[in-house]
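Read the structure below first, then the notes.
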Amino acid sequence: TENIVSQFAVCCCIVPETNAPLITSSPPKRTHLTMVKNRSFEVLPGSDGSQKTRRCCRCCTCKCCSIATVVIVILIFLVLLGIYLGNGSPIHASCKIDWEFSQNCSSVNTSLIDQMEEWMSRDNCQDGGQKCLYTFLSSSGTELKGTHTTPKAGYVDDMTFTFLQSQSSPTTCKVKAFSTSRVWYAYMDFGTNYCNLRNLADGAGLTSSPNFTESTRNAVCTQYTSRNCEVY
């Protein structure tokens, strides 16, 4: 066991005898060890009776230690990836929703922008909830972008709405809504990214329009079934 531990803890290579002055003793056996800047030097007997110096690098300056660290990090990542995929959830905290409204896309776009601007301040969150701190960023005929900031922790989520006007019906608009956390390590959000989108559509009165439909699921929307939009 000691030898195995030593192999993982120390990487060694034979170097010319010119490094030997760092050794304080001359007997041709492995008895003395001098540490110099995270490197150690040992005297080893040569096959011809001469002495050779073995230089050893310890801790993370050693190649084998660095490789082991990389392997461990990769294994941890693969385990986490397996957990996420096994649970059927996105790897990163985010949410994708497909909506369909019985009105043209220009009207839907305008309604969402108006609601973002109405909920721009913190005023609407004085009694709790997160129906506030929305920011409108940009809009075109096919795409709307904005952000939502959580009132307590101050985390920012990016939102994108992509509009697809129905070719068969000018009064039907399909919207692909997407919200994602800017925090790179976020993996659970208690349905916050879903609520970022749904709260906005509810506030704009779009979800009460006739023939409104919504499609999403846990696999594309983090903790969708655990959502509570009165809180998050």
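The values are calculated or read from the model by the stated rules, or taken from the named source; none is laboratory data. Remember, it's a predicted structure, so these values are computed and weren't measured experimentally. Positions of Cβ are backbone-derived with ideal geometry, glycine not excepted, and every protein chain shown enters the neighbour counts. All accessible areas refer to the heavy atoms of the entire protein, side chains included, with ligands and DNA or RNA removed. Shrake-Rupley method; radii C 1.70, N 1.55, O 1.52, S 1.80 Å.
Could you order peptides 143-153, 184-194 by the average number of other Cβ atoms within 10 Å of their residues, highest first?
Numbers: 143-153: 17.2, 184-194: 19.1.
Order by mean packing, descending: 184-194, 143-153.
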TODO: Using label points projected 7 Å from each Cα along Cα→Cβ, tell me how many nm separate LEU78 and SER226, to one decimal.
DONE: 2.7 nm
Open item on the list: At a threshold of 8 angstrom on Cα-Cα distance, excluding pairs fewer than six apart, so keeping six or more, what relative contact order does region 80-232 reach in percent?
Closed with: 34 percent
Task: Extended-chain gain in nm, criterion 0.36 nm per residue less alpha-carbon gap, MET120 and VAL71 - done: 13.0 nm
Task: Computed magnitude of the charge dipole of region 115-188 (debye, nearest 20; Cβ of K, R +1, Cβ of D, E -1) - done: 200 debye
Task: Whole-percent carbon and sulfur share, accessible surface of region 84-159, 1.4 Å - done: 46 percent
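How much length, in nm to one decimal, is gained on full extension between LYS176 and SER140, taken as 0.36 nm per residue of separation minus their Cα-Cα distance? Spell out each step's value before the answer.
On the way: separation 36, 0.36 × 36 = 12.96 nm, distance 1.45 nm.
Stretched out fully, the LYS176 to SER140 stretch lengthens by 11.5 nm.
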- [ ] Go through THR142, CYS105, GLN126 and say which Cα lies farthest out towards the positive end of the charge dipole of region 101-147; charges sit on Cβ, +1 for Lys and Arg, -1 for Asp and Glu.
- [x] THR142
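Treating only the Cβ atoms of Lys and Arg (+1) and Asp and Glu (-1) as charged, compute the dipole magnitude of region 147-232 about its Cα centre; round to the nearest 20 debye. Walk me through the numbers before you get to the answer.
On the way: 7 positive and 6 negative charges, 26 e Å.
Here the size comes out at about 120 debye.
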Task: Burial ranking of peptide ranges 89-102, 219-232, 202-215 (average Cβ count within 10 Å, highest at the top) - done: 89-102, 219-232, 202-215
